[in-house]
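FYI, it's all coordinate maths here, none of it is from the lab. Quantities reported herein were computed from a predicted structural model and do not represent experimental measurements. Here Cβ is always computed from backbone atoms with ideal geometry, including for glycine, and neighbour counts include all displayed protein chains.
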Amino acid sequence: MDEDFPPRPGLFESAEIRRRQRGRNLALLVVLVLLAVLFFAITIAKLSHS
Amino acid sequence: MTPSAIAAPAPALPAEWQDYVRLLKPRVVSLVVFTGAAGLAVAPGHLHPVLAITAILCIAVAAGAAGCLNMWWERDIDALMRRTAKRPIPAGRVTPGEALSLGIVLSVGSVMVMGLATNLVAAALLAVSIAFYVLVYTMWLKRRTAQNIVIGGAAGAFPPLIGWAAVTGQIGMLPVLMFAAIFLWTPPHFWSLALFACKDYARAGVPMLPVVAGCAAARRQIFLYTLLLAAASVLPWALGEAGAVYGVAAVVLGAGFVVQGWRVLRDRQDEAGVSLTDDGPAKAAFRYSLTYLAVLFTALVIDRLVG
């Protein structure tokens with residue numbers, strides 16, 4: 001088996017992969033927090049309406 | 001370096017979060033949100049602002065989900081067309097499986113939240129609009145008939161009905177007329193695009209009207225649909241569903257669209273109807289169509305506010 005296959009990411013690629021993963025994780029966090037806020041707001045609105 | 005290393009593809013970088021946003025076709029979503037919000041704004045009755053914002057959010061997410069599923073299904077032809085080759089799936093940044101999962105989760109989620117926040121009629125209409133766009137337009141019609149966007153245009157016409165239903169829990173005359181306006185607006189909008197992207201569609205094997213019936217036939221159809229649209233857009237005023245502000249806007253904007261359609265029809269062209277002016281009139285008609293719909297529905301909302 002060839003030691004270079006599959007090709008391993010170099011230093012630059014590693015940093016770029018981490019940057020992208022961090023960005024995705026942060027985006028997911030923002031979405032989850034906004035969803036929690038939205039559901040809370042919907043509940044309050046429904047309660048006040050009824 | 002060994003031969004196997006030379007032949008191996010470069011390791012793909014993971015997608016950026018923006019790639020998932022691109023899967024949702026944000027520019028298309030913006031127009032859908034606008035027409036949905038217009039339907040909600042002109043509906044009689046009151047909806048709590050939080051629930052109104054939630055309804056618009058659900059329409060936006062559902063439209064994005066439908067766009068995502070559309071990109072998943074069309075990834076093969078997207079790779080062949082210059083306009084779409086850089087989309088996340090054909091570019092290799094997002095896997096088809098990821099796109100499919102995202103589309104399904106957002107579709108189900110948006111319908112559920114719409115049902116919980118507003119009512120079942122709005123949620124059902126939202127579900128039907130997603131299903132119509134994905135199953136009827138994308139999977140069934142788009143690659144089979146030149147009338148794909150005529151029938152499929154109904155999917156894009158749903159948002160005013162959904163917005164109205166979110167407030168009232170039912171369907172009224174005015175949102176049906178708004179539906180008709182978007183339905184008749186879709187053919188001249190997309191066929192103008194298809195005229196100047198004709199080679200792309202032909203290469204991808206998509207039977208758009210200019211590809212199948214020729215550019216001359218497409219030009220006639222565009223003009224005819226602008227006439228139909230101009231007439232239909234005045235109906236809310238004529239039937240007493242809207243006031244003079246909307247009526248004047250509909251007449252002026254409709255006349256402008258008919259002029260654009262006439263220019264497309266009379267564009268300098270060869271015997272096959274292919275433009276000799278780099279499709280200047282078709283590009284202008286496409287741009288005008290975007291402004292047309294935005295201003296027409298804005299006028300309707302203003303009309304309701306001042307009426």
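Anisotropy class assigned to the protein assembly as shown is oblate, per the alpha carbon gyration tensor with a/c at or over the 1.5 cut-off and a/b no larger than b/c. Rounded to the nearest angstrom and listed largest first, the equivalent-ellipsoid semi-axes of region B:173-307 from its Cα gyration tensor are 31, 14, 11. Computed on the Cα trace of region B:15-171, the radius of gyration divided by the Kirkwood hydrodynamic radius gives Rg/Rh = 0.99. Here the extension length gained between residue B:227 and residue B:79 equals 49.7 nm, from 0.36 nm per residue of separation less the Cα-Cα distance. Computed extension gain for residue B:30 through residue B:291, at 0.36 nm per residue and net of the alpha carbon distance, reaches 92.7 nm. Given a Förster distance of 22 angstrom, what is the FRET efficiency for residue A:38 paired with residue B:298, based on the Cβ-Cβ distance and rounded to 0.05? According to the calculation, E is roughly 0.25. At an R0 of 41 angstrom, the distance between the Cβ atoms of residue B:203 and residue A:47 translates into a FRET efficiency of 0.15. Using the Cα gyration tensor of chain B, with a ≥ b ≥ c the square roots of its eigenvalues, what is the shape: rounded (a/c below 1.5), prolate (a/b larger than b/c) or oblate (neither)? Because a/c hits 1.5 or more and a/b fails to exceed b/c, chain B counts as oblate.
Taken as Cα centroids, region B:174-191 and region B:252-268 sit 17 Å apart, rounded to the nearest whole angstrom. Mean residue ellipticity at 222 nm, helices only, chain B: -23000 deg cm²/dmol; runs of at least 4 DSSP H residues each add -39,500 (n - 2.57), and the sum is divided by the number of residues. Neighbour counts of other Cβ atoms within 10 Å put A:49, B:189, B:48 in the fewest-to-most order A:49, B:48, B:189.
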